[in-house]
1. Obtain the nm distance between the two label points defined at A:Leu247 and A:Arg352 by a simple spin-label model: each point lies 7 Å from its Cα along the Cα-to-C-beta direction.
2. With a point put 7 Å past each Cα toward its Cβ, work out how far B:Glu141 is from B:Asp118 in nm, to one decimal.
3. State, in square angstrom and to the nearest 100, the accessible area buried between chains B and A, both chains counted, probe radius 1.4 Å.
4. Mind giving me the nanometre distance, one decimal, between the label points for A:Ser131 and A:Ile273, set 7 Å out from Cα along Cα→Cβ?
5. Please give the net charge around A:Arg140, taking every other residue with its beta carbon less than 14 angstrom from that of A:Arg140, where Lys and Arg add +1 and Asp and Glu add -1.
6. What FRET efficiency do you get for B:Phe72 and A:Ala60 if R0 is 41 Å and r is their Cβ-Cβ distance, rounded to the nearest 0.05?
7. Using a Förster distance of 56 Å, how high is the FRET efficiency between B:Gln83 and A:Ala239, based on the Cβ-Cβ distance and rounded to 0.05?
Amino acid sequence: MDKSEQPAWDGRTYYGKPQLRAAPFNIGLVGSYIFLAGLSGAAQLLATLLDVAQGRGAEATVRRGRYLAMLAPTVGTLCLILDLHTPNRFYNMLRLVKTTSPMSLGSWGLIGFSIMSSVTAALQFVTTRLSGSWLRGLARIAQWPAALGGGFMSIYTASLLSATSTPTLMASARQFVPHDRGEAMSRKWLSRLDIHALGEDRMVAVMADATLLATDLLLSYPAASGATAFDRLARSSAAASAAEAALITALRQARFRLLRVSCDADAVTAYDILSGDAVQIVGAALPSQVRGAALFARVVMMATTGVVCRARSRRWTRQPVGLNIIDLDTYLNHSPHPNLRTKDGVRFVTTRRVQEDGELTVNYQTYGARLC
Amino acid sequence: MQSIAGTLVIAQEERLQLLIATASDTSSCSATAPPSSPINCRRCCGWLMMSDVCKHCHNAPCLEACPTGALFRTEFDTVVVQQDICNGCGYCVPACPFGVVDISLLDGKAHKCTLCYDRLKGGLEPACAKACPTDSIQFGEVGELQERARRREAELHRRGVTSAYLYGTPGEAGATGGLDHLNAFFLLTAPPETYNLPRAPTRQANRVAPSLAAGLTTLVGLPSQPARCSRGGCNDG
């Protein structure tokens, strides 16, 4: 935005200012260190594994690996110290050990790795000069703690970045760990069912239901950055064909809707109860008992054809006995500017006046945090 | 460290309208506008002030991230940077979910609001609370202030300002993600983003174990690759 035209306060942000402060790291120095730490750590680890697996046969590679592992202790450490804004106090990093701080853990890890790698490299150097020395055995012992340190060096830098409040980086911390929200949700539904009273086919249908809806919610669940899996898909497939792009756009806009299924015998049509839109359900085989029923479904609206894709949460395959309990938290749409807030995902309080017929929305992130 | 506290309530609610009335000459709103119409006022003018006070979180991410121990918790349950220890690594800056702490390029140390640690030591209240002429910033013991804020919130709701809510008290917005509660908390009438506050701040320490576990899993999982490769019959010599 042009500096001269300072944004007028529009009530959505604070004069367009960012909420967070940018990390004051020198990208070149810290980037170099992260690269060198990974390179050295992995080199030490691979050299050790290779030495154990192939012994003398891989002598040359092991030697290079041990020398390569000296990059982080030397050049890498120098980069880190230069990045400090008060470099002459670098030793303050070793005042204490703090498990909540990857930088503290990393400082100690780097010290340990540096010592053990230096010992291994020095022994290697001497062994190369004086062939057949007994020091070779000593190097084979010293390489083990060095390799452990190497393993730590090659992974902790990811923690260093993700244990911050920078949205993109903090979202990546959870990228590899199972998303407990989906699991918790499926379990919650399944625990409500009397499994033994169900026939096998019914049980399979119910399980498929729970899995489908949980998967779907996970895909539409915003990460810390506010982007959903569909948003990321859209970003990564910029060169998609027009039809594909339209589908992705429709997926991004999929929302829960309250539908009423028409009573006609031949055509399966549903009506959005709130807006009154008639929507056609594509590719769904509805059991007869849902005709005339109201159902919550997450629907994908195709703008070009005006046709609704298959409703993604096949709620109607659940046992039509008694009142199906509706988890309010599951059937509220996400919005970054919600009008409801909740502490526990059960009780909801409006945060502002809601217009008549207006949709109630929540921010999934606020109570999703409880589960994570 | 349990009960004592330096704490602030910033009551943005109707002070906002007073500010607006003085700031704008073209506006149709005035200081006498009913308290239930802050939205209308905002549309026409747009003058909002927010204190960039450190929230002195109960579980402070900056303190937890600080590798040198320069950031510490005082006897008043506030969080302060010790300038003689800080080496300017800057790790507290991205750790803070509120964008408060920053590095000074002049002296190379981290700086942030100390809630006037020196004044508190001398038995005085923080300068901001002392100076504020409208009492929008109030200082006291946390528990008592939280009570006062809850009463004020209920009173505003009764008067029709249903948008009023607390930010940073236990279990409310701003006290999410393991922060427990903020020692400087707010009574607001618009969404948190309006005041440049995050909706759901989190503790950076939450992500240490998951990210290390993710790395470890990857590291342990890697050796299975060549095994699969050799079974598949590929030969890289």
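The values are calculated or read from the model by the stated rules, or taken from the named source; none is laboratory data. These figures come from a predicted structure and were not determined experimentally. Here the Cβ is made from the backbone with ideal geometry for all residues, glycine too, and neighbour counts use every protein chain on show. Heads up: the accessible areas ignore ligands, DNA and RNA and are worked out on the full protein's heavy atoms, side chains in. Shrake-Rupley method; radii C 1.70, N 1.55, O 1.52, S 1.80 Å.
1. 3.7 nm
2. Going from the B:Glu141 label point to the B:Asp118 one covers 2.8 nm.
3. Its buried surface, counting both partners, is about 5200 Å².
4. 8.7 nm
5. Result for the neighbourhood of A:Arg140: +2.
6. The formula returns an efficiency of 0.20 here.
7. About 0.60, to the nearest 0.05.
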